[in-house]
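Step one of this worksheet: look at the structure below.
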Amino acid sequence: MLSIRRSYIQPTEVLGLLLVILLAAFLRLYELDRGHSGLGIYSATSLNTTTSFQNWLFPGIFIDGSIITDKPPVFFWVQGFFLEVFGPSNLGLRLGPALCGISCVFLLYLILRRTYGVMTAFLGALFLAIAPLDVNFSRGVFLEPLTNTLILLSILMLLIAADRRKVRYVYITAILIGIAFMSKLWQGLIPLPGLAIFYIYMRWEPWSKFLQTTVLALAVFTMTAFAWPLLAWLLESSYGTVMHSENVWDMIFGWNLFDRFGNLQYGSSHDPSWFWFLTGPMQVFLGITFLPLGILGSCFILFDIKKCLARRKGKSNSAIYMGVICLIWLLVSMVGFGGASVRLSSYWASTVPAICAISAVGMVGIIKHRQSYAAWQRALLFVIVIVGLIYMSNAFSHLSDLSSAYKYLTFICLIGALSMPLVLFFKPGFDSVNFSTGEMALNKFLWGIFTIILLANLSVTFYSLLNPRDDTLGRIGFDQMPVSFPNRNAEPVNPEIERGRLRGNVITAIVRSEPEYLTKAIKYIYESNGNTQYLVATDSYNTAAKIAYHSADTLPEIPRLPIIPIYSEYQDTWITTLKDLEEISDQGNVKYIMAASGMKILNFEFWTWLNWHADDVTIMTGLPFDGEMRVFKIREDCDVIGHSHPCGLP
């Protein structure tokens, strides 16, 4: 079988690579400690990992370990390390993802350098360094940067395995894929079909030995990926319950697979189509990265696969199958995320490295190798560039209110799209003595187009970096420029989508509370509690987790007491039934409930119970009376078990 040539970074390349890494580091580390801590679930869980061995082994939202989180532990172990070093702070929360994002740029360079060469590696790393979506998620409390790092490292190890023909690197690859699964579950396995194809084609062992190695690698992967779930299942008595799930297996296969890609509704709802990730606000965060360069590179990879299957001379097979890995990575994402009922841009953050790699293949392919393709293929490639520029022009036309520079960028992209047919029409043909001159002129024009695309992506990244948002999206970590798109759906909103929006409103309500007001409210509740078992009861997981982390961050003198979440804002189900809540409050173990006013619509039964059994003391706690978050004190003179009211009400 063919092997991959050994390839080392030459001294002349170091400067360019260093500049790209420095750019990636600047974009991801600039004022990293500013802003808010985001949604509280990941933050609170990470903080708890260093409080006890049980909380480390089974990371939970609350310090008592009563509810373990809905994700595997690897991410929380990494985050817990940084929080132990820097304390509960934005820097402690965000430094890990930022360093992972920088590492991804370096790893992508090494991968493309081994397969496609220096120019492709440089462009791919540069594109990833400035990609708006990747920069955004590398600066937040998100799992994707760590998952991407593990994915890219596993790809690199498999390349080294095929290069050196050493099976130990195959086992290392299996371990890394298993750890990626334990980072963000199924998103860590997105490139797995492509890796399998590469591994089979680059086989260097006899079939009998190859099958033995494969079985052992699968065993290594299974042990790495499922050792923790098996342990959590066997030791269920060590914790109370699993967030959103009946048990750890339901968390892995139910909540994180079938539910999220089934009929659960929350997240983006601007477009019900499969291509929602290229429409609406996503145009300027992902669309301009994906189009036209991602489609351009995909075509080159498909053309090369056709050449390989036809046994025609083309690029080295290592490059072709590296392209297959990235293409399958992208296609699996399109099928999985495009049709998912839960539509979050974080899904696509785990695919940006593949998009950037494919885009680099497209740029270098049309510049250096276009003459080795058929005329119809070249025509298709140029049409893709033209259509992509029109798409970008349309995307930037929605940003003209933010900066006049985007007006010019809109026209530049449009002029580029209109100019390309003229450049191609007047370019000398093969039989002309000026053919070489025409090719050089076309290459310069294409380089100009690609420079515009890269600068356009960088402009979006810089705008988001220099103009941080303080609204809901900004506070939960989606620090992207505000974009206003016209309503694309004239038809009435689907009830399921509307219900999903209500859940989203409750999920994010707590982050819209000003930190200083929230601090006052938590302090008031604690000082008024007396000797209670729980700090407070809350309407939802996110409210509970945010209070848990915020109290540890701003009020370290307060003991970290557990909190009772009442309702699942994700699944529309009770976490703590009203009967159980009545019993707990009757025993004096909880005196206050904090809830978003949106619960009045989301769960009217709960809101009615609150008004029957508790008094609204919001203004006494320091929270604004007209704000979203309400604080209720459970009445001590109510016979809550018997559902009677001291005033004689039924």
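The values are calculated or read from the model by the stated rules, or taken from the named source; none is laboratory data. Because the structure is predicted, anything quoted here is derived from the model rather than measured. Using ideal geometry, Cβ is built from the backbone for each residue, glycine included, and neighbour counts are taken over all protein chains shown.
The condition of being in contact with a helix residue (DSSP H, G or I) (Cβ under 7 Å, 6 or more places away or on another chain), farther than 30 Å from Thr543 by Cα and buried (at least 23 other Cβ atoms within 10 Å of the Cβ) holds for only one of Leu83, Leu108, that being Leu108. Return the residue satisfying two criteria in turn: it lies in the range 522-539 and is out of contact with any strand residue (DSSP E or B) (no Cβ under 6 Å at 6 or more places or on another chain) and under 25 Å from Arg503 (Cα atoms), and of such residues it is surrounded by the most Cβ atoms within 10 Å (Cβ to Cβ). Across the range 522-539, the extreme among qualifying residues is Leu535. In the set Ala354, Ala340, only one residue is assigned to a loop (DSSP other than H, G, I, E, B) and either without any contact (Cβ under 8 Å) to a residue 12 or more places away in the chain or of a type outside the set (Phe, Trp, Tyr) (or both); that residue is Ala340.
Leu150 fulfils the conditions (1) under 15 Å from the mean Cα position of the chain (by Cα); (2) part of a helix (DSSP H, G or I); (3) in contact (Cβ under 8 Å) with a residue 60 or more places away in the chain except for a single criterion, (3). Only residues that are among the hydrophobic types (A, V, I, L, M, F, W, C), surrounded by 14 or more Cβ atoms within 10 Å (Cβ to Cβ) and within 30 Å of Trp348 (Cα to Cα) were counted in the range 198-229, giving 8. Exactly one residue out of Gly117, Gly101, Gly65 is surrounded by fewer than 24 Cβ atoms within 10 Å (Cβ to Cβ) and either free of Cβ contacts under 8 Å to residues at least 60 places away in the same chain or within 24 Å of Pro353 (Cα to Cα) (or both), and it is Gly117.
Scan the range 387-410 and tell me whether some residue there is touching a Ser or Thr at 6+ places or on another chain (Cβ under 6 Å) and over 27 Å from Ile295 (Cα atoms). The answer is no; no qualifying residue exists. When Ser513 is tested against (1) small (Gly, Ala, Ser); (2) in contact (Cβ under 8 Å) with a residue 12 or more places away in the chain; (3) loosely packed, with under 13 Cβ neighbours inside 10 Å, exactly one condition is not met: (3). In the range 320-343, of all residues being among the hydroxyl-bearing types (Ser, Thr, Tyr) and within 23 Å of Leu153 (Cα to Cα), the one that is farthest from the chain's Cα centre (by Cα) corresponds to Tyr321.
When Ala227, Ala196 are checked against the criterion of being in a helix (DSSP H, G or I), free of Cβ contacts under 8 Å to residues at least 12 places away in the same chain and over 30 Å from Cys308 (Cβ atoms), Ala227 stands alone in meeting it. Looking at the range 425-440, can you tell me whether even one residue there is charged (D, E, K, R) and in contact (Cβ under 8 Å) with a residue 12 or more places away in the chain? Taking every residue of the range 425-440 in turn, at least one turns out to be charged (D, E, K, R) and in contact (Cβ under 8 Å) with a residue 12 or more places away in the chain. Residue count for the range 331-374 satisfying the condition of being farther than 24 Å from Gly477 by Cα, modelled with pLDDT of 95 or more and surrounded by 19 or more Cβ atoms within 10 Å (Cβ to Cβ): 10.
Just to be sure, is Ile252 part of a helix (DSSP H, G or I), crowded, with 17+ Cβ neighbours inside 10 Å and in contact (Cβ under 8 Å) with a residue 24 or more places away in the chain? So Ile252 passes the test. Hand me the list of helices (runs of 4 or more DSSP H) wholly inside the range 38-102 holding 3 or more residues that are outside the structural domain of Thr538 (by TED's automatic domain parsing) and more than 20 Å from the chain's Cα centre (by Cα). Because the criterion is at least 3 residues that are outside the structural domain of Thr538 (by TED's automatic domain parsing) and more than 20 Å from the chain's Cα centre (by Cα), the helices (runs of 4 or more DSSP H) in the range 38-102 that meet it are 53-57, 74-86.
Tell me, yes or no, whether the range 116-136 has at least one residue that is part of a helix (DSSP H, G or I), of a type in the set (A, V, I, L, M, F, W, C) and closer than 25 Å to Ser540 by Cα. There is no residue in the range 116-136 that is part of a helix (DSSP H, G or I), of a type in the set (A, V, I, L, M, F, W, C) and closer than 25 Å to Ser540 by Cα. Residues in the range 288-297 that are farther than 11 Å from Asn394 by Cα and either part of a helix (DSSP H, G or I) or among the aromatic types (Phe, Trp, Tyr) (or both): Thr289, Phe290, Leu293, Gly294, Ile295, Leu296, Gly297. The one condition from (1) under 27 Å from Pro145 (Cα atoms); (2) over 23 Å from the mean Cα position of the chain (by Cα); (3) hydrophobic (A, V, I, L, M, F, W, C); (4) not in a helix (DSSP H, G or I) that Trp204 does not meet is (1).
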